[in-house]
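*Asks:* Submitted below is the structure of interest, expressed as structure tokens.
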Amino acid sequence: MKALVYQGPGKKAIEERAMPAISAPTDAIVRITKTTICGTDLHILKDDVPTCAPGRILGHEGVGRVEKTGPGVTAFHPGDHVVVSCISACGKCEYCRRAMYSHCTTGGWILGNTVDGTQAEYVRIPHADTSLYRIPADADEEALTMLSDILPTAFECGVLNGKVQPGSTVAIVGAGPIGLAALLTAQFYSPAELIAIDLDDNRLDVAKGFGATAAVNAAGGTAAAQVMNLTDGRGVDTAIEAVGTPATFVLCEDIVAPGGTIANVGVHGVKADLHLERLWSQNITVTTRLVDTVSTPMLLKTVQSRKLDPKRLITHRFKLDRILDAYDTFARAASTRALKVIIEA
Ligand SMILES: [Zn+2]
Ligand SMILES: [Zn+2]
């Protein structure tokens, strides 16, 4: 089968690989029909993710058909149409019993990291019963590809952890796919103000189309002042950090109102400053989280009932044999205006 393989920092290639085989009774083999590329895949290529070794098939998102199941898999059968979750969960360990699937002792984020991933014709899914989600018969599988990672990540790490409330004021720092997914799912709670912050005017325009009430271009270092102007000098109740750089995290510290929450979503490769000399008295909360995918079934229902349209995040489509072009398009988002790219296997 064809697969996109990480070959070390800055290097990737399409390789011919053997079909994955069932190696534990709880495994399933899924034939991937659609997959996508995540910012995290670019982090791996930049050598930011030391757990991912060269030779690994990348990808932790996708939809497909169950091809084969191990004898311990009871919830799924060959032919079933499924969403692959970016988080694998055994359902039995201490963390899984606390619904912290991201910290499953034999799972978590392993696909396309410590085991071969979804940017291939077939993938082995460990703990299949508790790591796959059934796709309803009339569903749009392209839309549901967004449920593997970005929608639950933005919703759980950003919106839920950020305690977005009716009437509250929310700023989303970073209007890439994750920030935009946070913008879409924050609207479940009817916040009064949804301020999108980015350096790219195109992405800010997209954010306005997705429901942002204001757009702030952070170029020139005036983003914090602009947010203070927009909020009568108060700041925001929720600051969602959806970039993962020291500057964007500090911007959240600069704009959070007393009693507010900074919800970090971004993947940070280096340390960021926490200005306790200013914030010690401000009653704020800082949250961090890796997506647990506990909200995936709920999000699936909101997509099915058309309360949420994640297809709006898809800008480009490629065949699997052109996945290198897909990476190039995704990596040059400022000029290609790419958000999520769909790859058809
Ligand atoms: Zn991802
Ligand atoms: Zn577990």
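*Asks:* Among DSSP bridges having both ends in the chain, what percentage is antiparallel? Round to the nearest 5. Don't skip to the end; give the middle numbers.
*Replies:* Values: 29 of 56 bridges.
Roughly 50 percent of the DSSP beta bridges within the chain come out antiparallel.
*Asks:* Additional query: What FRET efficiency would be calculated for the residue pair Thr74, Phe188, taking the C-beta separation as r and a Förster radius of 25 Å, to the nearest 0.05?
*Replies:* Here the calculated transfer efficiency is 0.15.
*Asks:* Sort Cys86, Cys96, Cys157 so that the residue with the fewest other Cβ atoms within 10 Å of its own Cβ comes first and the one with the most comes last. Can you show the working numbers first?
*Replies:* Details: Cys86 30, Cys96 22, Cys157 26.
Ranked by crowding around the Cβ, least crowded first: Cys96, Cys157, Cys86.
*Asks:* Applying 1/(1 + (r/R0)^6) with R0 = 41 Å to the Cβ-Cβ distance of Ala219 and Thr114, what FRET efficiency is obtained, to the nearest 0.05? Kindly include the intermediate steps, with their values, before the conclusion.
*Replies:* Values: r = 38 Å, r/R0 = 0.93.
After rounding to 0.05, the efficiency reads 0.60.
*Asks:* For the residue pair Ser305 and Thr105, what label-to-label distance in nm results when each label sits 7 Å from Cα along the Cα-to-beta-carbon direction?
*Replies:* Reported label-point gap for Ser305 and Thr105 is 3.8 nm.
*Asks:* Could you give the length gained by full extension between Lys46 and Asp205, i.e. 0.36 nm per residue of separation minus their alpha carbon distance, to one decimal place? List each step's numbers first, then the result.
*Replies:* Details: separation 159, 0.36 × 159 = 57.24 nm, distance 2.86 nm.
Working it through step by step, the gained length comes to 54.4 nm.
*Asks:* Length gain on complete extension for the stretch Leu276 to Met19, per 0.36 nm per residue less the alpha carbon to alpha carbon distance?
*Replies:* Working: separation 257, 0.36 × 257 = 92.52 nm, distance 5.22 nm.
Gain on stretching Leu276 to Met19: 87.3 nm.
*Asks:* Can I ask one more? Under the rule a/c < 1.5 gives rounded, and otherwise a/b versus b/c splits prolate from oblate, where does the stretch 273-345 land using the Cα gyration tensor? Mind dumping the intermediate values first?
*Replies:* Values: a/c = 2.94, a/b = 1.58, b/c = 1.86.
In terms of gyration-tensor shape, oblate.
*Asks:* Among the trypsin sites (Lys or Arg not before Pro) in the stretch 281-339, which ones are in a DSSP loop with at most 10 other Cβ atoms within 10 Å of the Cβ? Mind listing them?
*Replies:* Working: sites: Arg289, Lys301, Arg306, Lys307, Lys311, Arg312, Arg317, Lys319, Arg322, Arg332, Arg337; in loops: Arg289, Arg306, Lys307, Arg332, Arg337.
Counting only loop positions with at most 10 other Cβ atoms within 10 Å, the trypsin sites (Lys or Arg not before Pro) in the stretch 281-339 are Arg306.
*Asks:* Whole Å is fine, so just give me how far the alpha carbon centre of the stretch 228-298 lies from that of the stretch 144-168.
*Replies:* 14
*Asks:* Give the residues of the stretch 260-286 whose amide nitrogen is closer than 17 Å to a point set 7 Å from the Cα of Gln165 in the direction of its Cβ.
*Replies:* 260-263, 282-286
*Asks:* Mean-square fluctuation check for the chain, GNM, Cα pairs under 10 Å: which of Asp41, Asp138, Asp309 is largest?
*Replies:* Asp138
*Asks:* Select from Ile262, Ile87, Ile22 the residue whose mean-square fluctuation is largest in a Gaussian network model of the chain (Cα-Cα springs shorter than 10 Å).
*Replies:* Ile22
*Asks:* Taking K and R as +1 and D and E as -1, what net charge do the other residues with C-beta under 12 Å from the C-beta of Ala212 add up to?
*Replies:* Working: positive: Arg203, Lys208; negative: Glu193, Asp198, Asp205.
Net local charge, Ala212 excluded: -1.
Every number here is computed from the coordinates shown, using simple stated rules; none is lab data. A quick note: this is a predicted structure, and the numbers were derived from the prediction, not measured. Glycine gets a Cβ as well: all are built from the backbone with ideal geometry, and neighbour counts include every protein chain shown.
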